[in-house]
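Colleague: Dumping the structure here so I can ask a few things about it.
The values are calculated or read from the model by the stated rules, or taken from the named source; none is laboratory data. Worth saying up front: this structure is predicted, and the values here are computed from it rather than measured. No Cβ is skipped: glycine too gets one built from the backbone with ideal geometry, and neighbour counts run over all protein chains shown.
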C-alpha cells in the first residue's frame, strides 16, 4: 500500500466518510501566505466520495503558485486522517480560474483581505 492508501479504521465498518468530514479536514490546510484555509479561499471545486475513495478537484490562486508542488500532498495528508478514507486523489485545475470572489470570509479573516 502507498502512503495514501490504508485499511479501514474498523474492519467491516460501514461508516463511510462524509463530505462534511472531508471539508472539516480541509479546513486545516492553510495557504501559507494568506493564513486562510483552502476551503475559505474557495480553492476546492469538487469532492467525490465512493467507497472510501475521495477525489478532490481544486485550484490554486495562480498557475505559478509557489505551493503548486506541495499542496496536493498537504490535501492528501489532511483527508487521509478522516476515518473511513481509504485513498485520496487530488486533481489541480485552472478552469475556471480562481478569483478573489470565491473567498468565503469568516469574521476573523475579514481584515486579511483588502
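Colleague: Within the range 51-65, is even one residue over 15 Å from the mean Cα position of the chain (by Cα), under 16 Å from residue 34 (Cα atoms), in contact (Cβ under 8 Å) with a residue 12 or more places away in the chain and not in a helix (DSSP H, G or I)?
Modeller: Yes, because at least one residue in the range 51-65 is over 15 Å from the mean Cα position of the chain (by Cα), under 16 Å from residue 34 (Cα atoms), in contact (Cβ under 8 Å) with a residue 12 or more places away in the chain and not in a helix (DSSP H, G or I).
Colleague: Return the residues of the range 16-26 that are at pLDDT 95 or above and either farther than 13 Å from residue 76 by Cα or surrounded by 19 or more Cβ atoms within 10 Å (Cβ to Cβ) (or both); say none if nothing qualifies.
Modeller: Result: 17, 18, 19, 20, 21, 22, 24, 25, 26.
Colleague: I've got another one for you. Are any residues in the range 87-101 surrounded by 17 or more Cβ atoms within 10 Å (Cβ to Cβ) and touching a helix residue (DSSP H, G or I) at 6+ places or on another chain (Cβ under 9 Å), and if so, which ones?
Modeller: Correct list: 87, 88, 90, 92.
Colleague: Related question: Considering only the range 67-85, state which residues are outside any helix (DSSP H, G or I) and either buried (at least 18 other Cβ atoms within 10 Å of the Cβ) or free of Cβ contacts under 8 Å to residues at least 24 places away in the same chain (or both).
Modeller: Step one: of the range 67-85, the residues outside any helix (DSSP H, G or I) are 67-70, 81-85.
Once the filter is applied, which keeps residues that are outside any helix (DSSP H, G or I) and either buried (at least 18 other Cβ atoms within 10 Å of the Cβ) or free of Cβ contacts under 8 Å to residues at least 24 places away in the same chain (or both), the range 67-85 yields 69, 70, 82, 84, 85.
Colleague: Ok, one more. Mind counting the residues in the range 31-50 that are surrounded by 14 or more Cβ atoms within 10 Å (Cβ to Cβ), over 11 Å from the mean Cα position of the chain (by Cα) and within 16 Å of residue 76 (Cβ to Cβ)?
Modeller: So the answer is 1.
Colleague: Right, something else. Report, by residue number, each residue of the range 18-30 that is outside any helix (DSSP H, G or I) and over 11 Å from the mean Cα position of the chain (by Cα).
Modeller: Matches in the range 18-30: 18 only.
Colleague: Which ones in the range 34-50 are over 13 Å from residue 102 (Cβ atoms) and either part of a strand (DSSP E or B) or free of Cβ contacts under 8 Å to residues at least 24 places away in the same chain (or both)?
Modeller: 46, 47, 48, 49, 50
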